[in-house]
Amino acid sequence: MSFRFKLVTPDRVLFEQEVEAVSLPTPDGQIEVLTHHVPLSTLLATGIIQLHEAGKEEEVAVSGGFVTVGEDGTLTVLAETAERGEELDLSVIQEAKQRAMDVMKKAVSTDDLSFAMAAAALERELSREKLALKRKHHGK
């Protein structure tokens, strides 16, 4: 059995389709949504969403947002950013990761806001890198 899944960012609708299961990151850990899931509202953490549909799996790197499962079983994810694995460029990710680490080193003792923003950027790049490396090693 399947249910409706929608993944939306400020820029686009990335998915709007029937799926069998979705695993997604929350601040309290990974959760899996299946058909007939109870209604739910929670925060989306930075990480990787896994979609399962018709024996296939697709993964998407996301950073922050909200998750709701409605009374009708529809799963809606509103994400700050979301990128499919094939959209990721490992060299760009590694450069952004290095920039975030450099900012963190400079801001660690002087600027809490800059440090927190750099830490969030680093967390996002690490998730993107994990997905890009996984795709690279699996030849996708």
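A short reminder: the numbers here are calculations on the coordinates, not readings from a lab. The structure displayed is predicted, hence computed values, not measured ones. As a convention, Cβ positions derive from the backbone with ideal geometry for all residues, glycine included, and neighbour counts pool all protein chains shown.
Have a look at Phe3, Ala121, Leu51 and report the one farthest towards the positive end of the charge dipole of the chain, computed about the Cα centre with Cβ charges (Lys/Arg +1, Asp/Glu -1).
Of the candidates, Ala121 comes out farthest on the positive side.
Once phi is turned into θ = phi - 60°, what whole-Hz ³J(HN,Hα) does the Karplus curve with 6.51, -1.76 and 1.60 give for every residue of segment 95-103, x standing for Gly and Pro?
Calculated HN-Hα couplings, in order: 5, 5, 4, 5, 4, 5, 5, 5, 5 Hz.
Report the relative contact order of segment 88-137, percent, no decimals, based on alpha-carbon pairs under 8 angstrom and at least 6 residues apart.
49
Each residue of segment 63-76 in turn: what ³J(HN,Hα) in whole Hz from Karplus with 6.51, -1.76, 1.60 and θ = phi - 60°, glycine and Pro shown as x?
My calculation for segment 63-76 gives 9, x, x, 9, 10, 9, 10, x, 4, 7, x, 5, 9, 10 Hz in order.
Out of Ala100, Phe66, Ser41, whose Cα points farthest toward the positive end of the dipole of the chain (charges: +1 Lys, Arg; -1 Asp, Glu; placed on Cβ)?
Farthest towards the positive end: Ala100.
Find the relative contact order for the chain and round it to a whole percent, using C-alpha pairs within less than 8 Å whose residues are 6+ positions apart.
Here the relative contact order equals 21 percent.
Take the alpha-carbon positions of segment 30-124, form their convex hull, and give its projected area averaged over all directions (one quarter of the hull surface) in nm².
Taking the Cα atoms of segment 30-124, their convex hull projects to 7.5 nm² on average.
Which order do peptides 49-56, 32-39, 130-137 fall in by mean Cβ count within 10 Å, highest first?
Going from most to least packed, we get 130-137, 49-56, 32-39.
How large is the charge dipole for the chain, taken about the Cα centre, if only the Cβ atoms of Lys, Arg (+1) and Asp, Glu (-1) carry charge, to the nearest 20 debye?
460
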